[in-house]
Structure formats: C-alpha cells, structure tokens
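Values quoted throughout were computed directly from the atomic coordinates according to the rules given, and no laboratory measurement underlies them. Because the structure is a prediction, the values reported are computed rather than measured. Using ideal geometry, Cβ is built from the backbone for each residue, glycine included, and neighbour counts are taken over all protein chains shown.
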Amino acid sequence: MEDRSSDERMLEELHRLRSDIGCDFGAIGLAEGQSGELRWKLVSGNGNDKYREMTERQGKGFSGSVIKVGRAMTFQLVEIVATRRLHEYPLLLAENLRSAYASPVTESAGPVRGVLLVGDRKRRIYRPEDRQRVAEASERIFEIIVGKPAILRSL
C-alpha cells in the first residue's frame, strides 16, 4: 500500500510530464458533480494562484471541447482570439499561455473525468512524441483517480 495521497501522485505525474516534454505549465482539471463544471485541481509551473478560483461551465472552454468531444486537442492563443472565444479559456490568459495541448482524462470507453493540460508561454507545435507522452500521463492520472490500473478494472 502506498503512503502518498492521490493528489501527491498526480502532482508527481504532472511534474514528470512537464520535465519530459519541456513545457512551461501543466494542470489537471476535474469535472465535478452533477453540474459537470471543470475545476483546476492541481497545477505545475504556475505563475499565480488564480486557477484556484476558476471553473468552466459545462460546454464552455476545455469542458466544451476536450471533455465533450472526448479527444485531445491543440490550442493556440492567436486562434482563440481570432474566434472571439478568449473568455472561455481564462486559464490561458491567467498563465499567459500562447500554446496548449489538452487530453481527456478517461479510459477508452468510459466517461471523461477531466482534462490534462500542458502549455507554453511561447508559440509551440506539440510533436507526436509529446502528444503520446501526454496521453500516457493522462491514463496514469485516470488510474490514480479511480484507484486501480486499467488491467485490474477489466477483470
């Protein structure tokens, strides 16, 4: 039995992922309760604590894209500004992120529990190997949330 809390283990995953892909910022947002609001639970590389007060209504921002669609997506600030949807992504503004890549925290056929977000304060194109590492970290975070590896849940 591990002594570390699930939050400590998820934060360790976040730190490791940031180091592996060399990004400026990482965050785990979880969908809460019946409302499905997305709340940023854990962050790494943050410049302030504004994330603590942020929630995204269901169907808006990352909740309306990554969670609703159930697949990873790339975000560029310039594109969000051009479509006049910046208000839907307050975390990008608060952390001065220019590029971001977000992956759903889920298992293959199950409901999406949240979002794993990595971001950079400069424009960046996330390479396939970076996206793969984010997907793998997302799976590990899901396993921490539900309390057991996917292989055990299928037995």
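A few notes on this one:
- Part-to-part distance (alpha-carbon centres) for the stretch 94-150 and the stretch 1-76, which is given in Å: 8
- Over all other residues within a Cβ to Cβ distance under 12 Å of ALA31, the charged ones net out to +2, with Lys and Arg as +1 and Asp and Glu as -1.
- Helix content alone sets the calculated 222 nm mean residue ellipticity of the chain: runs of n ≥ 4 DSSP H residues at -39500 (n - 2.57) each, divided across all residues, give -9500 deg cm²/dmol.
- Dipole magnitude for the chain: about 560 debye, using +1 per Lys or Arg Cβ and -1 per Asp or Glu Cβ, origin at the Cα centre.
- Note on GLU8 and ARG71: their simple-model spin labels are 3.9 nm apart, each label 7 Å out from Cα toward Cβ.
- Note: relative contact order over the stretch 1-151, using C-alpha pairs below 8 Å and six or more positions apart, is 24 percent.
- Length released on extending from ARG98 to ARG123, taking residue separation times 0.36 nm less the Cα-Cα span: 8.5 nm
- Cα-based helix-to-principal-axis angle, 128-146 vs the chain, degrees rounded to 10: 50
- Listed by chain and number, the aspartates and glutamates whose C-alpha is less than 18 Å from the C-alpha of LYS50, apart from same-chain residues fewer than 8 away, are ASP24, GLU37, GLU88, GLU95, ASP120.
- On Cα atoms only, tilt of 6-21 relative to the major axis of the chain in degrees: 60
- Listed peptides 89-96, 65-72, 76-83 by packing density, highest first (mean Cβ within 10 Å): 89-96, 65-72, 76-83
- Ordering of 51-57, 23-29, 135-141 by burial proxy (mean other Cβ atoms within 10 Å per residue, highest first): 23-29, 135-141, 51-57
- Stokes-Einstein diffusion for the chain, with the hydrodynamic radius set to the Kirkwood value over Cα pairs and evaluated at 10 °C in a medium of 1.306 mPa s, equals 102 µm²/s.
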